[in-house]
Amino acid sequence: MRRLWRRLPVIVRAVVVGWVVSGVGHQVSGVLFYANLQWWRAVPWSAPLVILWLWMFWQYFGGRWWPASTSQARAEGLAARPLSPRMWRWALVAGGLGMISIALLSIVLSPITPKTFKVFYSLFVRMPFPTVVVRVITLSAVAGIVEEAGFRGYMQGMIERRHGPVVAIAITTFFFVIVHFGGIQAMNAPRALGIAVASVMYGLLAHLARSIVPGIILHTLGDAFGVLLLWFYWKYGTIGNRLLGFAAASRSPIFWLYVAGLIVFTAASVWAFRRLADARGTMSGK
């Protein structure tokens, strides 16, 4: 069986391993979240259990515990390498600017984006706000840790070592978008584009920083901020179901302000990623 596995193309093995790692992380935490929705939903009792599970997930896929024969491979697959202060600085600056650009892109595309957040709205209705906050932060941590480990760590890393970063990021992005078709939000073209752009950014960040840790932090913060902002829109009734379309939206000066912001922050993000690449080159030369 091991010989047959090794005969498979690296891309196939990487996709399978990355998907399994992400799936294991999500399935266990998903069971805990579902149980919390059924019993004592006003009390976020699943949060500490999910945090414990994430710690175990991180330890195991980072190389600890049995079997010792796969310890080094698991540590290499997770790609949670430490960063220098300079790498940390430019990774967070580049990733932060990139996330602002993605947020502005979603706003610019909002006139043609169907509102597909019914599952989140049902959670908002069924829970008090403090519980919503705890659950959103925990869910976001699961997404950040599990998805970066599975997709940018194991999947992208395996492909990149054989085929280079461009092929690795492209294939990882494709499957990262595909996996979200089974998510709790309905998929549509603007949302798929936003997920793809985010995946490319996280992939580039992992490649340049040689670590998934900055991506985990930014992924977690971005998801938490996005869902809590959605709660705010839901609470104060500022989300409408009618799609304006670009023709109507373009008549508003605010729309063009968002477009200008998207251009400015995208340019700033490109500049920051180039500085991160320079920092990587400097560290490689030492």
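The values are calculated or read from the model by the stated rules, or taken from the named source; none is laboratory data. Nothing here was measured: the structure is a model prediction, and the numbers come from that model. Please note: Cβ atoms are built from the backbone with ideal geometry, for glycine as well, and neighbour counts cover all protein chains shown. With ligands, DNA and RNA removed, areas are computed over all heavy atoms of the protein, side chains included. Shrake-Rupley method; radii C 1.70, N 1.55, O 1.52, S 1.80 Å.
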Output the peptides 210-217, 267-274 sorted from most to least packed, where packing is the average of other Cβ atoms within 10 Å over each peptide's residues.
-> 210-217, 267-274
Please give, to one decimal in nm, the separation of the simple spin-label points placed at Val133 and Met56, each 7 Å out from Cα toward the Cβ.
-> 2.9 nm
Would you be so kind as to identify which of Phe57, Gly261, Ile107 lies farthest towards the positive end of the dipole of the chain, taking Lys and Arg as +1 and Asp and Glu as -1 on Cβ and the Cα centre as origin?
-> Phe57
Alpha-carbon Rg/Rh ratio, for the range 30-137, with Rh computed the Kirkwood way = 1.08
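In debye, nearest 20, what is the charge dipole magnitude of the range 158-286 about its Cα centre with +1 on Lys and Arg Cβ and -1 on Asp and Glu Cβ, if you could check?
160 debye
For the pair Tyr121 and Ile178, what calculated FRET efficiency results from E = 1/(1 + (r/R0)^6), where r is the Cβ-Cβ distance and R0 = 25 Å, to the nearest 0.05? Don't jump to the answer; show the numbers that get you there.
Values: r = 25 Å, r/R0 = 1.00.
Efficiency for this residue pair is about 0.50.
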Summing -39500 (n - 2.57) over every DSSP H run of at least 4 residues in the chain and dividing by its residue count gives a helix-only mean residue ellipticity at 222 nm, to the nearest 500 deg cm²/dmol, of -24500 deg cm²/dmol
May I ask you to derive the FRET efficiency for Ser252 and Leu229 from their Cβ-Cβ distance with R0 = 22 Å, giving the value to the nearest 0.05?
-> 0.65
Projected label distance in nm at Ala186 and Leu4, using a 7 Å step from Cα toward the beta-carbon | 4.2 nm
Taking the dipole of the chain about the Cα centre (Lys, Arg +1; Asp, Glu -1; charges at Cβ), the one of Tyr34, Pro128, Phe175 that reaches farthest to the positive side is Phe175
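With every protein chain present, what is the per residue accessible area of the chain (1.4 Å probe, Å²)? Display every interim value, and only then the final one.
On the way: 15360 Å² over 286 residues.
Per-residue value: 54 Å².
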FRET efficiency for Val259 and Val167, Cβ-Cβ distance as r, R0 = 25 Å, nearest 0.05?
-> 0.20
